Amino acid sequence: MSDEFNNNEESEEIDNIIILNDENGEEVPFEFLDLIELDGEEYVVLLPVEEDEEEAEEVVILKLEDSDNEDEDQESYVSVDDEEILNKVFEMFKEKFKDEFNFVD
């Protein structure tokens, strides 16, 4: 799910960076914006870290899944194909951060 928004805040240090691997195995940095719970599932809202911050940004919403291996304390992020879930999570995110971001349709 990608929706555009502009950050109202002046540039500030980004300290909530997570690195994910894309489909080509390349590392891609994202800024962690929020964790949203919906129907007993958790979803992360991420912002791709790009060099040109003047343009409108698109958020990425991924489902948080725990590892099946009990010995590992590892989480993984999986894409969400259900448009209804993506819209609900994004609406919850927009409501929570309506004073911090200018959301653009």
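The values are calculated or read from the model by the stated rules, or taken from the named source; none is laboratory data. Here the structure is a predicted model, which is why all the values come from computation and not from measurement. Positions of Cβ are backbone-derived with ideal geometry, glycine not excepted, and every protein chain shown enters the neighbour counts.
The figures follow:
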read-out: Scope the stretch 27-45; condition surrounded by 14 or more Cβ atoms within 10 Å (Cβ to Cβ) and under 23 Å from Glu84 (Cβ atoms); matching residues; value: Leu33, Asp34, Ile36, Glu42, Tyr43, Val44, Val45
read-out: Residues of the stretch 94-105 that turn out to be surrounded by fewer than 15 Cβ atoms within 10 Å (Cβ to Cβ) and not in a loop (DSSP other than H, G, I, E, B), as a count; value: 3
read-out: Check on Asn24, at pLDDT 85 or above, surrounded by fewer than 10 Cβ atoms within 10 Å (Cβ to Cβ) and not acidic (Asp, Glu); value: yes
